[in-house]
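Asks: The structure follows.
Bear in mind these aren't lab numbers, they're just calculated from the coordinates by the rules spelled out. Not measured: the values here are computed from a predicted model. Every residue, glycine among them, receives a Cβ derived from its backbone with ideal geometry; neighbour counts consider all protein chains shown.
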Amino acid sequence: MDSSMMKVVTLGTAGGPRWFAGDTKDRTGIATAIVVGERFYLVDAGHGVGRRIRQAGLDLDDLGGIFITHMHSDHTIDLPSLIVFGMQALHNRADDPVPIVGPGQRGALPPVSPRALVPPRPVAPANPTPGVSGLFAGIVAAYATDINDRVLDALRPSPEVLFDPRDIVVPEGIGYHPNTDSHPEMEPFVIFKDDLITVTATLVDHPPLAPAFAFRFDSEHGSVTISGDTCESANLVRLAQDTDLLLHEAIDFEWVDGMYAQRQDDNGRAVRDHHYKSHTSVAGAIRVANAAGAKTLALHHLVPSIADDAVWTRGREEFTGTFLVPDDLDVLTVGAAVDAAVRS
Ligand SMILES: [Zn+2]
Ligand SMILES: [Zn+2]
């Protein structure tokens with residue numbers, strides 16, 4: 001990689017906790033690499049991320065940090081592969097562990113849907129809402145037989161030495177509560193800083209999941225903002241002000257309506273409700289990008305990932321900057337302008 005550049009590699013561009021059949025683009029789970037000089041930072045770890053990192057020509061030893069926007073499984077499902085297979089791939093990180101930065105404990109279970117006829121029983125009642133450090137501890141515990149083989153017999157450093165999980169603390173005094181106000185108006189706050197980048201975050205609107213974050217990466221070369229999962233968010237507009245590249249999630253509500261039109265039962269309606277209050281249409285993503293003055297808008301976390309490009313480009317002329325719908329493994333160069341999506 002050219003050390004004078006900042007780039008984004010769209011490792012995985014599909015959203016949602018499922019495998020779609022018939023995806024001609026072969027989109028894998030949501031994951032984005034932000035490359036600054038020789039280092040790269042990973043945002044979310046959807047399914048297939050380890051393989052995509054390799055296909056992008058990135059080396060796990062150059063990983064500056066893993067950033068998790070929120071605790072939904074489509075953003076974390078391959079964290080176990082990075083943590084456990086990382087024991088083979090990380091060669092010089094025992095004294096320089098990879099930070100894993102993400103939400104802390106939710107702290108309270110979400111309310112039961114009013115459509116429930118019988119209240120469902122939560123799993124893992126002793127610790128039902130872990131954040132990123134709880135997830136890390138659980139992964140290490142779940143894979144202990146394998147990890148201990150390698151630690152005791154092959155004398156490999158353990159994931160506890162190679163990784164450094166860090167829970168993001170939501171600022172006090174903004175009125176945040178996971179159930180009653182998960183998206184209060186707030187100023188972006190710094191969650192990470194090293195010699196190359198500063199990462200700021202804000203709460204976005206993805207109920208009932210909370211906290212849900214958007215992240216902004218600023219380097220001397222420019223800025224990249226990633227929406228995380230959210231409906232249209234004023235906090236995100238503030239975070240993304242004048243950003244060079246905004247990667248925003250997008251859902252096709254026509255697909256949602258078509259899928260649940262056949263399902264008038266309460267479970268079907270509950271899932272449909274979830275999509276409408278928690279995700280953003282293409283038109284909505286364009287509104288957010290225009291309000292923020294983003295120079296380039298790239299859509300990712302596409303739901304459904306099998307939709308034709310025409311679904312994602314409808315109304316693109318409403319956006320005043322450069323509009324992109326990247327495939328997996330596209331490279332977007334961030335600088336004076338993000339003006340090209342170049343196939344890697
Ligand atoms: Zn998602
Ligand atoms: Zn989500």
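Asks: So how much slack lies between residue 179 and residue 254, counting 0.36 nm per residue of separation and subtracting their Cα-Cα distance, in nm?
Replies: Contour length minus Cα-Cα distance gives 24.2 nm.
Asks: If you don't mind, there's one more thing I want to ask. Take the Cα pairs of the range 146-225, get the Kirkwood Rh, then feed it into Stokes-Einstein at 25 °C and 0.890 mPa s and tell me D in µm²/s.
Replies: 159 µm²/s
Asks: About its Cα centre, how strong a charge dipole does the chain have in debye, to the nearest 20, once Lys and Arg get +1 and Asp and Glu get -1 at the Cβ?
Replies: Dipole magnitude for the chain comes out near 700 debye.
Asks: Find the centroid of the Cα atoms in the range 229-261 and in the range 184-217, then give the distance between the two in whole Å.
Replies: Measuring centre to centre over Cα atoms gives 16 Å.
Asks: Okay, next question. For 205, 218, 308, which order do you get if you count the other beta carbons within 10 Å of each Cβ and list the fewest first?
Replies: 308, 218, 205
Asks: Filter the chymotrypsin sites (Phe, Trp or Tyr not before Pro) in the range 1-110 to those in DSSP coil with at most 14 other Cβ atoms within 10 Å of their Cβ, and list the result.
Replies: 19, 20
Asks: Quick check: the distance between the Cα centres of the range 111-157 and the range 284-333, to the nearest angstrom?
Replies: Centre-to-centre (Cα) distance: 35 Å.
Asks: What's the longest uninterrupted piece of the chain once you rule out the trypsin sites (Lys or Arg not before Pro) that are loop residues per DSSP with at most 15 other Cβ within 10 Å?
Replies: For trypsin sites (Lys or Arg not before Pro) (loop position, at most 15 other Cβ atoms within 10 Å), the longest site-free span of the chain is 116-262.
Asks: Helix by helix through the chain, keep the DSSP H runs that span 27 Å or more along the axis on Cα and average at least -1.0 on Kyte-Doolittle, and give those back in order.
Replies: Counting only whole DSSP H runs, no helix qualifies.
Asks: Using bins 5 angstrom wide from zero, how does P(r) for the range 1-159 break down, in % of all Cα pairs?
Replies: Calculated P(r), rounded to whole percents: 2, 8, 15, 18, 18, 15, 11, 7, 3, 2, 1, 0.
Asks: If the only charges are +1 at each Lys and Arg Cβ and -1 at each Asp and Glu Cβ, what is the size of the charge dipole of the range 67-138 around the Cα centre, to the nearest 20 debye?
Replies: The calculation lands at about 400 debye.
Asks: In deg cm²/dmol, rounded to 500, what helix-only [θ] at 222 nm does the chain give when every DSSP H run of at least 4 residues adds -39500 (n - 2.57) and the total is split over its residues?
Replies: When only DSSP H runs of four or more count, the value is -7000 deg cm²/dmol.
Asks: Please say if the chain is rounded, prolate or oblate, where rounded means a/c under 1.5 for a ≥ b ≥ c the square roots of the C-alpha gyration tensor eigenvalues, and otherwise the choice is prolate for a/b larger than b/c and oblate otherwise?
Replies: rounded
Asks: Have a look at 221, 302, 268 and report the one farthest towards the positive end of the charge dipole of the chain, computed about the Cα centre with Cβ charges (Lys/Arg +1, Asp/Glu -1).
Replies: 268
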